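Comments concern the structure below.
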Amino acid sequence: MTDRVDTHKTGFAGTTAAVATHPENLSDLLARLARSRDGKVTIRDIAIALQDRSFGAFLLVFALPNLVPLPPGATFVLGLPLVFIAWQMFASAQGRVYFPRRIGDYGVEAGTFQLVVDRLVPWLRKAEKLVVPRFWFLESRAAERVIGFLALVLAVVIFLPIPLGNWPPAVALAIIGFTHSQRDGVGVTLGCLLGVASLLVAGFVVYTACAVLMLVV
């Protein structure tokens, strides 16, 4: 069962055309969310605050752990959230990510969230100097579904145990996620190009592995 929270009650829902074109920086939005909460900050609160930018933001969050060298099999666990987010970006009729109630209710105390935001914001603001709102072409849900389909394919590749084939798609999804959350059309395009290239690399790895196995057998 997904959450059905009325977004109009949060104070974050409902954006004007100007905000859609020049959205609030992700760092400023997180800092504002941290200041506005007195109790626990849940995953649902963050998704509602981000609204239609939640697809990109959560792609970034779940792609980053896949960039760290991990033992074999770890992508089975870390890749699943990416598949979940990318599937919603592609198939959901909603304008933001929806989580099952149990996951959506998970959160941290406001003080802990404030500490996390204080450490994260300086890094985000440095990145936001390069990733800015420009040439945004994903205004329609249909256009966003196209990017969502590519993100879903990349997420599935990350989930599969392909030697040396997981890292490039994770980089591509991290770029797509962050630039999508900032409405940077140039960055999304570059991330997509890198994603297509990473799929070609993964396909080559699989093809080569199969050819070697056929020779051995």
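The values are calculated or read from the model by the stated rules, or taken from the named source; none is laboratory data. Source: prediction; values computed, not measured. Cβ: placed from backbone, ideal geometry, glycine included. Neighbour counts: every protein chain shown. To get the accessible areas, we keep the full protein, side chains included, count just its heavy atoms, and leave off ligands, DNA and RNA. Shrake-Rupley method; radii C 1.70, N 1.55, O 1.52, S 1.80 Å.
Points worth noting:
- Helical content of the chain, expressed as a calculated mean residue ellipticity at 222 nm, amounts to -21000 deg cm²/dmol (DSSP H runs of 4 or more residues, -39,500 (n - 2.57) each, divided by residue number, nearest 500).
- Looking at segment 35-70, none of the chymotrypsin sites (Phe, Trp or Tyr not before Pro) sits in a DSSP loop with at most 16 other Cβ atoms within 10 Å of its own Cβ.
- Unit charges on C-beta of K, R, D, E only; dipole of segment 17-168, Debye: 40 debye
- Pairs of alpha carbons in segment 134-208 separated by more than 15 Å make up 51% of all such pairs.
- Extending 7 Å from the Cα toward the beta-carbon at both Thr189 and Ala91 defines two label points whose distance is 3.1 nm.
- Between the alpha-carbon centres of segment 47-111 and segment 128-189 there is a gap of 13 Å.
- Applying a length cut-off of 20 Å (Cα extent along the axis) and a mean Kyte-Doolittle floor of 0.5 to the DSSP H helices of the chain leaves 74-91, 141-159, 167-181, 185-216.
- GNM top mover of Gly191, Gly39, Gly104 - the chain, alpha-carbon springs below 10 Å: Gly39
- Here the Kirkwood formula, the inverse mean of 1/r across different C-alpha pairs, assigns segment 36-184 a hydrodynamic radius of 16.0 Å.
- Förster radius 30 Å - calculated FRET efficiency between Ala127 and Phe76, Cβ distance, rounded to 0.05: 0.55
- Here the accessible area of the chain is 72 percent carbon and sulfur, with a 1.4 angstrom probe and all protein chains present.
- Where N is the number of residues in segment 38-117, Cα Rg divided by 2.2 N^0.38 Å: 1.17
- Average accessible surface for segment 124-209: 48 Å² per residue, computed with a 1.4 Å probe over protein heavy atoms with every protein chain in place.
- Thr112 accessible area, 1.4 Å probe, all protein chains in place, Å² to nearest 10: 70 Å²
- Length gained on full extension, Leu120 to Tyr106: 3.1 nm, using 0.36 nm per residue less the C-alpha separation.
- Label-point separation, Arg32 to Val205 (7 Å along Cα→Cβ), nm: 4.0 nm
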